[in-house]
Amino acid sequence: MSSVPQARAATPGVTAMTERQEKIQRIVIIVLTVLPLAGFAFAVVNFWGAGLSVTDAVIALFFYLFTGFGVTVGYHRLFTHQSFVARRPLKIALAIAGSMSVQGAIIDWVGTHRRHHAFSDRAGDPHSPHLDDDDTIKGTIRGLWHAHIGWLSAPELTDNHRWAPDLVADADIMRVHKRFGTLTFLSFALPAVLGGLVTWSFEGAVTAFLWGSLARIFVLHHVTWSINSICHFFGDRPFRSNDRSTNNWLLAIISFGESWHNGHHAFPTSAVHGIGRGQIDPTAAMIRLFEKMKLASRVKLVTPKQVAQKTVEEIKPRAWVRKRWSNV
């Protein structure tokens, strides 16, 4: 039996995998990382030869938005940090959309991310780039690789009963959690089916699969993993936090606002990560839309006092935050 490093093995709610579990993990990782990579590469080659059709572009963009917001609005800000309360139809829809991002079953994702916050950039953090304190070029590359993708193969299990008991006790979420395999299949299959139906051709199904399934999953995976790696290494730190999280404006749009990571770690339960004026945060805008539609309520935002206590450099708050502050 393999064992996790001593520091991780001592982390509450973390256990070592059995050899069989490690083998299954390796197979799953290969399928879910290598296959989208190969598809993305083939899609790019095809693009230079034949271009990108409007149908493929629309399908890819739709599924990127659907599954991406499933992760940011659902997996992250709703289920992990409880930044707002969602009505049952929205809660289930977000759980399904997040699952179709193919980043792991919902309770596993939430448990791991809560553990990340509990031990951010310290022993016990599943994907910090700073754990070995090696500041050499080799050590930096090794740390970034681990934070980006290497952590996926760590032979450890996060105890969901310890880190996500609220979701384990939620019958709706458990049903979605148990159907992760089915939702993964649908995430790969539906773009191809739509492409085939719209173009009424096998070629249309194939190209939609390349762009709407493989390339879309590949890009979304690496954008999400970049928050673990890039946003704990490169960027600004306007707020004091107990880690090395950073704000990185380059990733703001494609990550739907998740790259305002220092703001998030300073105020983890806030529904808004891009607190400052001009900090684009599409996820916050989506939550605000759901609030206006009466599908979301009890949206949590930072207060002026909280910001003042942790501010390193002056922040001019965005309009929605300023409006809420006027009522505090």
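The values are calculated or read from the model by the stated rules, or taken from the named source; none is laboratory data. Keep in mind it's a predicted model, so treat the numbers as computed, not measured. Here the Cβ is made from the backbone with ideal geometry for all residues, glycine too, and neighbour counts use every protein chain on show.
One line per residue, one yes/no per condition, for (1) farther than 28 Å from Ile141 by Cβ; (2) over 13 Å from the mean Cα position of the chain (by Cα):
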| site | (1), (2) |
| --- | --- |
| Trp225 | no, no |
| Asn228 | no, no |
| Trp249 | no, yes |
| Phe267 | yes, yes |
| Ser270 | yes, yes |
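Name the residue, out of Val302, Val321, Val328, Val312, that is at pLDDT below 95 and over 30 Å from Arg87 (Cβ atoms). Only one candidate qualifies: Val312.
Take the conditions modelled with pLDDT of 80 or more, within 25 Å of Ala208 (Cα to Cα), exposed (fewer than 13 other Cβ atoms within 10 Å of the Cβ) and over 23 Å from the mean Cα position of the chain (by Cα) and apply them to Val54. Does it pass? So Val54 passes the test. Determine if segment 84-98 includes at least one residue that is among the basic types (Lys, Arg), modelled with pLDDT of 90 or more, in the same structural domain as Asn228 (by TED's automatic domain parsing) and assigned to a loop (DSSP other than H, G, I, E, B). Within segment 84-98, one or more residues are among the basic types (Lys, Arg), modelled with pLDDT of 90 or more, in the same structural domain as Asn228 (by TED's automatic domain parsing) and assigned to a loop (DSSP other than H, G, I, E, B). For the subset of segment 231-267 comprising residues that are touching a helix residue (DSSP H, G or I) at 6+ places or on another chain (Cβ under 7 Å) and assigned to a helix (DSSP H, G or I), which member is surrounded by the fewest Cβ atoms within 10 Å (Cβ to Cβ)? This residue is Leu251.
Closer than 30 Å to Asp243 by Cβ and buried (at least 16 other Cβ atoms within 10 Å of the Cβ): does that describe Asp170? It is true that Asp170 is closer than 30 Å to Asp243 by Cβ and buried (at least 16 other Cβ atoms within 10 Å of the Cβ).
In segment 1-21, the qualifying residues are those that are in a loop (DSSP other than H, G, I, E, B) and out of contact with any strand residue (DSSP E or B) (no Cβ under 9 Å at 6 or more places or on another chain), and the one that is modelled with the lowest pLDDT is Ala10.
Please specify each residue of segment 194-215 satisfying the condition of being closer than 19 Å to Phe40 by Cα and β-branched (Val, Ile, Thr). Answer for segment 194-215, where residues must be closer than 19 Å to Phe40 by Cα and β-branched (Val, Ile, Thr): Val206, Thr207.
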